[in-house]
Amino acid sequence: MAKIVRVGLLGLGTVGSGVFEHFQKGAGRPFGIELKTVAVANPKKERDVKVPKLTKDVNKILDDPEIDIVIELIGGIDPAKEYIEKALRNRKNVVTANKAVLARYAKGLFALARKQNVDLAFEASVGGGIPIIQLFRTLRGEKITKVMGILNGTTNYILTKMEEGLTFGKALNDAQKRGFAEKNHILDTGGFDARDKLAILTMLIYNTYVDPQNILCEGITKITTVDLDFANRYGEFEGGISYTVKLLAIAQKENGILHLRVHPALIRKTHPLANVTDEFNAIYFEGELAGAQLHTGRGAGKNATTSAVFSDILRVANNIRRGTPGFLPTLDAKVSFGNADTLIRPGYLRMDLLNEPGSGAEMFGIFAKHKLNVRNSIERHKYSYQYRRKEFVPDITNIDAASEKVIKEAIFDLKKSKRVRGKPMFIRFED
Ligand SMILES: NC(=O)c1ccc[n+]([C@@H]2O[C@H](COP(=O)([O-])OP(=O)(O)OC[C@H]3O[C@@H](n4cnc5c(N)ncnc54)[C@H](OP(=O)(O)O)[C@@H]3O)[C@@H](O)[C@H]2O)c1
């Protein structure tokens with residue numbers, strides 16, 4: 001008879017309780033997998049799930065010679081990283097959903113797992129229920145030239161609601177009420193969660209270490225309904241197709257240089273990613289042989305994440321019985337990363353302009369000074385407002401492709417102008 005594989009679970013929150021309930025329903029039985037011990041921070045806490053033996057002592061899992069797989073679902077960096085390391089040092093296989101730890105410490109953790117000849121599986125760290133980690137592992141022989149992902153469900157939900165007419169604040173409130181957004185939402189809305197996930201995908205695809213801090217990262221907190229409305233009506237202005245705004249995580253190889261970035265972007269409504277709405281995630285990529293593919297599904301939540309964690313448990317249990325852990329990349333390939341300032345993209349600049357003669361001329365003067373070629377400029381009087389008895393009107397100016405450096409310099413000058421209120425916002429087109 002095949003060896004019974006025993007599992008220890010660290011964490012019984014959103015995902016941990018999903019995994020626990022799945023075991024409780026007997027999901028491990030057909031595969032000879034048993035959940036032995038569950039550890040939490042506070043065993044006395046009131047919970048929806050009833051666990052017979054709940055411990056606070058994680059060492060009852062990490063040091064238990066009977067436990068083969070440690071499932072880390074605590075989240076955050078400390079002490080999660082320490083527990084993962086201890087489990088690996090004790091020659092236990094680890095399944096984790098922890099993107100924060102992986103994005104920062106993958107290289108050392110992968111090396112430790114390889115040295116100890118055990119598995120480190122992390123399907124749930126990116127894309128929730130979409131088996132994207134497994135997919136990219138199997139496509140190692142493929143040259144992937146472009147990846148564009150909607151990797152954060154919270155921001156996608158907020159942008160969808162803003163497209164329906166809600167302000168950022170109201171859409172965020174709605175997301176919080178539905179449990180999609182945390183009270184402290186900046187990890188999501190600031191783009192940092194998507195940045196960590198992009199780092200993990202890039203490491204897998206290009207077998208190189210990526211420091212998430214080096215990825216250009218802009219969130220959606222400055223996006224307004226003016227942007228969504230303008231994107232939607234862009235076809236009317238330009239006689240073409242309408243656009244929408246999505247928070248995209250992009251890895252793109254151009255002339256041997258890899259550019260990584262996370263930012264809100266305008267995409268045509270006909271683009272496959274434009275139809276990915278609400279809390280859904282999607283990963284679009286272009287492979288030299290495979291061509292373009294889109295994978296979409298629920299990117300977070302109890303059930304979708306439990307599905308990903310359980311698929312890892314099954315794979316790892318299988319590897320334990322075969323006596324061979326799964327492949328982990330060495331992350332030592334030499335890759336040339338592009339400097340964010342050299343990135344050249346078309347986009348628009350939105351700024352609140354004083355509604356008085358001469359404001360447009362001053363704005364165009366600044367564009368000319370920085371050699372920015374203007375395609376068109378539209379004042380959205382529908383959104384004009386009073387500030388200190390002066391009227392301001394949001395103006396959207398489409399700019400031909402320019403480098404980030406030049407755009408930054410132009411924004412610096414525009415911000416200094418007394419005719420511009422606040423900091424102008426640059427939104428790039430991604431087709
Ligand atoms: N939520 C999602 O939809 C989702 C999706 C994809 C990936 N993830 C990832 O999955 C992981 C878990 O997320 P979650 O949303 O389930 O977190 P969560 O709801 O905050 O739950 C965290 C759990 O960890 C326990 N815990 C905290 N510190 C501990 C410690 N020092 N020792 C033992 N247990 C400890 C907590 O115990 P108490 O219950 O006693 O407080 C709680 O049960 C994170 O890495 C997250 O990024 C989550």
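The values are calculated or read from the model by the stated rules, or taken from the named source; none is laboratory data. Everything numeric here is computed off the predicted structure, so don't read it as measured data. FYI the Cβ positions are ideal-geometry reconstructions off the backbone, even for glycines, and counts take in every protein chain you see.
Does segment 126-135 hold any residues that are crowded, with 23+ Cβ neighbours inside 10 Å and closer than 15 Å to G326 by Cβ, and which are they? Explain how you work it out, then say what you get.
First pass over segment 126-135, keeping only residues crowded, with 23+ Cβ neighbours inside 10 Å: 126-128, 130, 132.
Of everything in segment 126-135, nothing turns out to be crowded, with 23+ Cβ neighbours inside 10 Å and closer than 15 Å to G326 by Cβ.
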**Report entry** Answer residue from segment 93-116, given it is within 11 Å of the ligand (Cβ to nearest atom) and either among the hydroxyl-bearing types (S, T, Y) or part of a helix (DSSP H, G or I) (or both) and is nearest to I71 (Cα to Cα) among those
**Finding:** T96
**Report entry** Residue identified as surrounded by 16 or more Cβ atoms within 10 Å (Cβ to Cβ) and of a type in the set (S, T, Y) among S359, S384, S336
**Finding:** S359
Query raised in the report: For segment 112-125, what are the residues that are surrounded by fewer than 20 Cβ atoms within 10 Å (Cβ to Cβ) and in contact (Cβ under 8 Å) with a residue 40 or more places away in the chain?
Result: R114, N117
Report summary line: Picking from A265, A282, the residue that is buried (at least 17 other Cβ atoms within 10 Å of the Cβ), modelled with pLDDT of 95 or more and closer than 30 Å to S384 by Cβ would be A265
Query raised in the report: Can you find even one residue in segment 300-307 that is in contact (Cβ under 8 Å) with a residue 24 or more places away in the chain, within 16 Å of the chain's Cα centre (by Cα) and more than 26 Å from V95 (Cα to Cα)?
Result: no
Report task. Check off (1) touching a Ser or Thr at 6+ places or on another chain (Cβ under 8 Å); (2) in a strand (DSSP E or B); (3) modelled with pLDDT of 95 or more for I427 and give me the number that stays unchecked. Result -> (1)
Query - Cross-chain or 6+ apart pairs with Cβ under 7 Å, segment 177-190 first and more than 12 Å from T221 (Cβ to Cβ), then assigned to a loop (DSSP other than H, G, I, E, B) - result: F180/E279
**Report entry** Scan of segment 292-322 for residues that are part of a loop (DSSP other than H, G, I, E, B) and either at pLDDT 95 or above or surrounded by 19 or more Cβ atoms within 10 Å (Cβ to Cβ) (or both), ordered by number
**Finding:** G299, A300
Report summary line: Of the candidates T225, T189, T208, T221, the one satisfying the condition of being at pLDDT below 95, touching a helix residue (DSSP H, G or I) at 6+ places or on another chain (Cβ under 8 Å) and hydroxyl-bearing (S, T, Y) is T225
**Report entry** strands (runs of 3 or more DSSP E) fully within segment 1-83 counting 2 or more residues that are at pLDDT 95 or above, more than 8 Å from the ligand (Cβ to nearest atom) and over 29 Å from the mean Cα position of the chain (by Cα)
**Finding:** 5-10, 33-39
Query raised in the report: So which residues in segment 136-145 are among the aliphatic types (A, V, I, L, M) and either surrounded by fewer than 18 Cβ atoms within 10 Å (Cβ to Cβ) or within 11 Å of the ligand (Cβ to nearest atom) (or both)?
Result: L139
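Examine segment 278-292 for a residue that is under 18 Å from the mean Cα position of the chain (by Cα) and more than 16 Å from the ligand (Cβ to nearest atom), and state whether such a residue exists.
Of all residues in segment 278-292, those under 18 Å from the mean Cα position of the chain (by Cα) come to 278-285.
Okay, now just the ones that are also more than 16 Å from the ligand (Cβ to nearest atom), so 284-285.
Scanning segment 278-292, I find at least one residue that is under 18 Å from the mean Cα position of the chain (by Cα) and more than 16 Å from the ligand (Cβ to nearest atom), so the answer is yes.
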Query raised in the report: Any residue in segment 151-163 that is closer than 25 Å to I427 by Cα and assigned to a loop (DSSP other than H, G, I, E, B)?
Result: yes
